[in-house]
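Have a look at the structure below, then the notes.
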Amino acid sequence: MRAKPGVSIWRADHLPGTKKGAGNQNLDIVLLLSTLYYLYLIFNRITVTLTTISRRDWVNQAIEIIEADFNRSADTHLVKLNWPVFDCVDIYLKDESTHPTGSLKHRLARSLFLYALCNGWINQDTPVIESSSGSTAVSEAYFAALIGVPFIAVMPKSISCEKIEKIKFYGGECHFVDSSAQIYQAAENLAVELDGHYIDQFTYAERATDWRGNNNIAESIFEQISKEPHCVPHWIVMSAGTGGTSATLGRYIRYQKFSTRLCVADPENSVFYDYYNNADRSLKIEKGSLIEGIGRPRVEPSFMPDIIDRMEKIPDAASIACLSILETRLKRKCGGSTGTNLFATLKLASEMQIASQCGSIVTLICDAGERYLDTYYNPQWLKSNNINTAPYMQKLAELESGNMNALFNNTENQNIT
Ligand SMILES: Cc1ncc(COP(=O)(O)O)c(C=O)c1O
């Protein structure tokens, strides 16, 4: 048999050990090696293809698991706050504490995981790392466990024990740093070290959620309030951690062309309020917010100032004083950020009442107070953090007895809109 030019024929006498000249033998070894090399390449190609297919299968399955979990979930309630002193303003609280992982961050964690999976950033052996003040980490630990990937939360060491226990309950690990300002770099470093994925809520919160609808929090609020006397809220009030929830609310309001305005409440030790007023993106502070989940030491990428109609700076003592109002009126404990939301809401309601504007205001119960028994509900903790709620309890009592100016400082003008 003659070989065509460029085509080698594999014959038994090419094998080492068969009789032939030295030159031929070298050629045979080269041929053998190149054939083995080709076989190796083909094997490699098959392995890569099979791995890609099995990765895609895994991603498909992970998405299905998350979607099925969503399908089993019910929506959160829109609770009406009974407050007879406001006879023409109705206040509603969207109760996000009833999600399976206890906070509004359940929605975000689901969106962040779906976003990362659909971007090809997480597969079956990717450790997931997050920087968090706790609530997001609890919810993400839940979703990581659902799809079976390891999860590590990087958090300031001041985080509440309840949240740490919850993260561990879902199989997550906790990595502590001294302050909130250190969580970002530590999470990034850990992701590099472990060859993992830094899920980065502070960057991706605003884009992982579908702000046009798809049963996001804004769509749900407008749907649930649609049969109330004031079915388009005059205000929606929210505080900001990533800024993701306020971004979804603000964009949805604009997209649907509602007249509703968005007010964002900021606690002490946070740069959002100053950034909103002076547009300085480089603002930074060292001390972390005492109100867990909200207030940040830097301007977060997900915070969208241009869709916010107004911001309110709320003293921490005022936020915590509001927790007792919620306990009296709802018979339940709420987290600190809900107090911040409520204080800003009561200011707006007072303004509307003074201006004889009738309408509704919606705000959020971000999480439940049982997570904070060691902090906001602990007089010792309040004392050691120099928080005196008494002056605000007094103001709130005055408001309850009908003084609509009670929450404004003497020097503060009521910003009637
Ligand atoms: C308890 C609590 N309230 C409010 C927020 C703020 O939500 P967002 O991150 O969407 O601004 C967070 C965020 O982590 C939170 O944990």
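Every read-out reported here was derived from the displayed coordinates using simple, explicitly stated rules and does not represent laboratory data. The model shown is predicted, which means the values in this text are computed figures rather than measured ones. Every residue, glycine as well, gets a Cβ built from its backbone with ideal geometry; the counts of neighbours run over all protein chains shown.
Just to confirm the number: angle between the C-alpha axis of helix 105-118 and the first principal axis of the chain, 0 to 90 degrees, nearest 10?
Tilt of helix 105-118: around 20 degrees.
What are the residues whose amide H is under 5 Å from the amide H of Val79, where those residues sit 5 or more places off or on another chain and H is modelled from the backbone?
Hits under the 5 Å cutoff: Leu93, Lys94, Asp95.
No other cysteine beta carbon under 4.7 Å away is the test; run it over the chain and list who passes.
Cys118, Cys161, Cys174, Cys231, Cys263, Cys322, Cys334, Cys366
Angle check, please: helix 244-255 long axis (alpha carbons) against the longest principal axis of the chain (alpha carbons), in degrees 0 to 90, nearest 10.
The helix 244-255 is inclined about 80 degrees to the chain.
If neighbour count is taken as other Cβ atoms inside 10 Å, put Cys366, Cys334, Cys358 in order from fewest to most.
With the sparsest Cβ surroundings first, the list reads Cys358, Cys334, Cys366.
Would you order His106, His175 from fewest to most other beta-carbon atoms within 10 Å of each residue's own beta-carbon?
Placing the least packed residue first, the sequence is His175, His106.
Test of understanding: in a Gaussian network model of the chain with alpha carbons linked when under 10 Å, which of Asn26, Asn60, Asn278 would top the mean-square fluctuation ranking?
Asn26
Distance between the C-alpha centers of the stretch 145-194 and the stretch 360-410? Whole Å please.
The distance from the Cα centre of the stretch 145-194 to that of the stretch 360-410 comes to 29 Å.
Under a GNM of the chain (C-alpha, springs under 10 Å), which listed residue has the highest mean-square fluctuation: Glu206, Glu223, Glu96?
Glu223
How large is the charge dipole for the chain, taken about the Cα centre, if only the Cβ atoms of Lys, Arg (+1) and Asp, Glu (-1) carry charge, to the nearest 20 debye?
1360
Please give the calculated 222 nm ellipticity per residue for the chain, where each DSSP H segment of at least 4 residues contributes -39500 (n - 2.57) and the sum is spread over every residue; nearest 500 deg cm²/dmol?
That comes out to -14500 deg cm²/dmol.
Helix 316-330: angle to the longest alpha-carbon principal axis of the chain, degrees 0 to 90, nearest 10?
Orientation of helix 316-330: about 80 degrees from the principal axis.
Most exposed first by the Cβ proxy, i.e. fewest other Cβ within 10 Å, how do Lys284, Lys347 rank?
Sorted ascending by nearby Cβ count, the order is Lys284, Lys347.
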